[in-house]
Amino acid sequence: MRILFTMALVIVPVLTPAFAADCPAPADVSAEMQDLIARANDAPDLREGRGISNEMWQVWLRAPDEAAQAVLDRGMSRRDSYDFQGAYQEFTRLTEYCPDYAEGWNQRAYINYLRENYAAALEDLDRALALQPHHVAAQSGRGLTLMQMGRTEEARAQMLAAVANNPWLSEAALLAKGAPLGPVGEDI
């Protein structure tokens, strides 16, 4: 038994060396995002606008270091295979390791949203937006979450902010004149 305990003390640090240290500060992407927002607003058509939206995702999905990137990638893979519990665990691990990395919070919020835990999703989205106020996906996710919570006026205001930063969001259709902006299946 003592041998197993000693082996565990040796193996555990080898398996998780990056998580023994602090996560480096995320890169300041504010100028890059401002440029992408300006380009999105100037895009002449859907094809170019959606291309710029994809560029935004490339910025948000750049983790602060290799260890964080590995956790983010595992979480995304689990999410894409509908393992929401596993994805939640990975994104929680990411937020614990890199609490200043907005995308960790945004991805965990999305898992909470998919699991219909809207209050937890809103908390995570607020944290993501506090870290990166122009995170368009977190803005639209917050609008959708507020919509599911029946907070219609707040949802509309949040969606307007998101669409102002990227008019090519698919969620922009929710702001069309006459379109209901309330919980799914509920007209308001």
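Only the coordinates and a few stated rules stand behind these numbers; no lab work does. Everything numeric in this text was worked out from a predicted model, so none of it was measured. Glycine gets a Cβ as well: all are built from the backbone with ideal geometry, and neighbour counts include every protein chain shown.
Would you mind calculating the gained length between Leu46 and Ala25 on full extension (0.36 nm times residue separation, minus the Cα-Cα distance), in nm to one decimal?
4.1 nm
If I take R0 = 41 Å and measure r between the Cβ atoms of Glu96 and Ser170 in this structure, what FRET efficiency does the formula 1/(1 + (r/R0)^6) give, to the nearest 0.05?
FRET efficiency, Glu96 to Ser170: 0.85.
From the C-alpha gyration tensor of segment 28-173, pull out the three semi-axes of the equivalent ellipsoid (sqrt of 5λ each), sorted largest to smallest, in whole Å.
Value: 23, 19, 13 Å, ordered largest first.
To one decimal place, what Kirkwood hydrodynamic radius in Å is obtained for segment 25-80 from all pairs of distinct Cα atoms?
12.6 Å
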